[in-house]
Amino acid sequence: MAITLVNPSGLPEVDVYRQVSIATGSKQVFIAGQVSWDADGRTVGAGDLAAQVERCYLNISTALAEIDGSFADVAKLTVYVVDWTPDKMPPLLEGISRAAAELGVAPVPPATLIGVAALSVPDHLVEIEATAVID
């Protein structure tokens with residue numbers, strides 16, 4: 001694999017992501033922010049953060065599969081959540097867990113979580129972009 005995930009000693013170990021990603025592959029892939037749209041552009045899980053997070057991860061997986069990649073190739077995720085507050089962490093983690101179970105992966109690359117006022121479509125509660133490196 002082109003990506004090695006590491007939790008260095010001296011930094012906190014977090015269950016849902018790793019602190020460092022080492023990329024040794026030759027092809028960088030930048031996946032546009034994915035929202036909870038199905039293939040027809042309909043919002044999945046309106047009003048349900050966990051369902052929308054799950055769909056974002058599934059959409060990232062679909063994009064990666066198209067280029068013969070997988071979550072194992074993801075070097076970094078950036079997660080944008082509308083009106084973020086810490087009480088939204090449980091549904092966020094639930095969505096990640098559901099996607100991980102469905103995909104049969106542990107999607108734990110380094111991640112940045114950013115609270116935003118709004119996204120481009122009012123029904124969207126979360127948008128997730130990914131950077132991957134493929135051999």
Among the residues of the stretch 3-43, how many are more than 16 Å from the chain's Cα centre (by Cα) and either in a strand (DSSP E or B) or crowded, with 18+ Cβ neighbours inside 10 Å (or both)?
-> 7
In the stretch 44-55, the residues that are part of a loop (DSSP other than H, G, I, E, B) and surrounded by 17 or more Cβ atoms within 10 Å (Cβ to Cβ) = V44, G45
What tally of residues in the stretch 65-74 results from selecting those that are out of contact with any Leu (no Cβ under 9 Å at 6 or more places or on another chain) and crowded, with 21+ Cβ neighbours inside 10 Å?
-> 1
Within the stretch 72-81, is even one residue closer than 19 Å to A101 by Cβ and in contact with a Gly (Cβ under 6 Å, 6 or more places away or on another chain)?
-> no
Number of positions in the stretch 80-127 that are closer than 14 Å to A50 by Cβ and without any contact (Cβ under 8 Å) to a residue 12 or more places away in the chain = 5
Which residues, taken from the stretch 87-116, are part of a loop (DSSP other than H, G, I, E, B), out of contact with any Ser or Thr (no Cβ under 8 Å at 6 or more places or on another chain) and within 20 Å of A32 (Cβ to Cβ)?
-> P107
Kindly list the number of the only condition in (1) out of contact with any Lys or Arg (no Cβ under 7 Å at 6 or more places or on another chain); (2) open to solvent by 40 Å² or more (accessible area, probe 1.4 Å) that fails for T131.
-> (1)
Counting only residues that are among the β-branched types (V, I, T), surrounded by fewer than 16 Cβ atoms within 10 Å (Cβ to Cβ) and within 22 Å of V6 (Cβ to Cβ), the stretch 86-128 contains a total of 2
Quick one: S61 ticks every box in (1) at pLDDT 95 or above; (2) surrounded by fewer than 11 Cβ atoms within 10 Å (Cβ to Cβ); (3) of a type in the set (S, T, N, Q) bar one, so which box is it?
-> (2)
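The values are calculated or read from the model by the stated rules, or taken from the named source; none is laboratory data. All of these numbers come straight from a predicted model, not from anything done at the bench. Here the Cβ is made from the backbone with ideal geometry for all residues, glycine too, and neighbour counts use every protein chain on show. Note: areas computed on protein heavy atoms with side chains; ligands, DNA, RNA excluded. Shrake-Rupley method; radii C 1.70, N 1.55, O 1.52, S 1.80 Å.
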